[in-house]
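Participant: Structure in structure tokens, see below.
The values are calculated or read from the model by the stated rules, or taken from the named source; none is laboratory data. Quick caveat, the model's predicted, so the values are computed rather than measured. Don't worry about glycine lacking a Cβ; one is built from the backbone with ideal geometry, like all the others, and counts go over all protein chains shown.
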Amino acid sequence: MFVIEYKVKGSQNQYRAIDSAIRTGQFVRNKALRLWMDAKKEDKISKYDLNKYCAVLAKEFDFAKKLNSTARQSSAERAWSAISRFYDNCKKQAIGKKGFPKFKKHSRSVEYKHSGWRLNPHTKKHITFTDKIGIGKLKLIGSRDIYFYQPEQIKRVRLLRRADGYYCQFSISIEVKEELKPANQNIGLDVGLKYFYADSNGNTAANPRFYRKSEKKLNRLNRRKSKKYRKGKKQSKNYHKARIRYALAHLKVSRQREEYAKKLARCVVTSNDVIAYEDLNVKGLVKNRKLSKSISDASWTQFRKWIEYFGFKFGKITVAVPPQYTSQDCPKCEARIKKSLSTRTHACKCGYVEDRDIAASINILKKGLSTVGHTGTQVWGDLPSGSVGGGKGGF
Ligand SMILES: [Zn+2]
């Protein structure tokens, strides 16, 4: 299982509805806990009893009925996971406090299972909550594409509140086909112009300039095609031949790129446990015409896609970190050393000297390791729903 997280955007009324869903979930959890507390030992209250109790609550309280039934159940499961943790501690005769379950006052999240929500297949960036709680359609903000996965792979949908707004997490199950031994090594990657990437171990991977190499050929083919173009007339057989030649040459280059990105990504993922890289807005960067050829050439987007793909496949952790200051800060003393794009070396007052891109990749790894557990992909595991997300700041 892993998690994809989006920030959500909606109206104030929708946010109030999310709050109300969270409150209702908390109510169900606490009521379920109360049922267990008030029961006698010989009643032998089980997880199953708490689940059944959700329906009773829905009958008794109109507002509880408004919340989707799977969300009510998840809430009861949270109560059960607190109870079973307590039982476990007693059984293990843990020293000190056994963690008797407490009532929650400040829940931050509510969790749906397979129903009560729907992804919009057309816009691909909206989720609609269909229960009576009134959240409705929310916009999903984030770069990950949830549509990469089949709907039945989405096991849980969680709404959570943080200090800076509301978030939606999808817990996705994928088959990890190959279990690898831990590599006991983490890596930060800085993708750039000079190299394809520089990593936090001080290595660099060369930049393949497929496009540049084949540029001449592509230009020639393009010229041939244009010469044969007849404005306002039916195009000749020769024009179509030239057009196809040109298209095929392009395709060849793009396949070369893809292969290179894939090969490199696989290698990086299999030899590391945590892979951190910058969350670059490549579209924004490519707008700069001067750089654009090298950047699309270096095929960062493809590289990232494959890193994440192999990350899932091999059960590794991949983290995209915000790119601010990664190329400015000193990895050793954290002083901020401003430099222009043409300054290739990081030289700090503390005596630390390193290639600019390698220094950046060390910063990226540091950032990545400090945010594992907050953003990006992390291992959710098959934990009971209550054991994550209830605490400070969600995760
Ligand atoms: Zn320094």
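Participant: Mind checking whether some residue in the range 344-360 is touching a helix residue (DSSP H, G or I) at 6+ places or on another chain (Cβ under 7 Å), part of a strand (DSSP E or B) and more than 23 Å from N186 (Cβ to Cβ)? Walk me through it before giving the result.
Facilitator: Within the range 344-360, the first condition is being touching a helix residue (DSSP H, G or I) at 6+ places or on another chain (Cβ under 7 Å), and the residues that meet it are 344-346.
So of that shortlist, the ones also part of a strand (DSSP E or B) come out as 345-346.
Checking which are more than 23 Å from N186 (Cβ to Cβ) leaves us with 345.
Checked against the condition, which is being touching a helix residue (DSSP H, G or I) at 6+ places or on another chain (Cβ under 7 Å), part of a strand (DSSP E or B) and more than 23 Å from N186 (Cβ to Cβ), the range 344-360 yields at least one hit.
Participant: Also: Here is a check on your reading of the model: is L365 at pLDDT 90 or above, away from the ligand (no atom under 16 Å from the Cβ) and assigned to a helix (DSSP H, G or I)?
Facilitator: yes
Participant: I would also like to ask the following. Can you find a residue that is part of a helix (DSSP H, G or I) and of a type in the set (S, T, Y) anywhere in the range 7-17?
Facilitator: yes
Participant: Looking at (1) out of contact with any helix residue (DSSP H, G or I) (no Cβ under 7 Å at 6 or more places or on another chain); (2) within 16 Å of the ligand (Cβ to nearest atom); (3) in contact (Cβ under 8 Å) with a residue 12 or more places away in the chain, find the lone condition where Q328 falls short.
Facilitator: Unmet condition: (3).
Participant: Return only the number of the condition from (1) of a type outside the set (K, R); (2) touching a helix residue (DSSP H, G or I) at 6+ places or on another chain (Cβ under 9 Å); (3) at pLDDT 80 or above that V176 does not satisfy.
Facilitator: Result: V176 fails condition (3) only.
Participant: Right, here's the next one. Would you pick out the residues in the range 209-255 that are at pLDDT 85 or above, of a type in the set (G, A, S) and part of a helix (DSSP H, G or I)?
Facilitator: S226, A242, listed by residue number.
Participant: Go through T343, T371 for me and flag whichever is within 16 Å of the ligand (Cβ to nearest atom) and surrounded by fewer than 21 Cβ atoms within 10 Å (Cβ to Cβ).
Facilitator: T343
Participant: In the list F129, F103, which residue meets the criterion of being over 29 Å from the mean Cα position of the chain (by Cα) and either at pLDDT 95 or above or surrounded by 12 or more Cβ atoms within 10 Å (Cβ to Cβ) (or both)?
Facilitator: After ruling out the rest, the residue left standing is F103.
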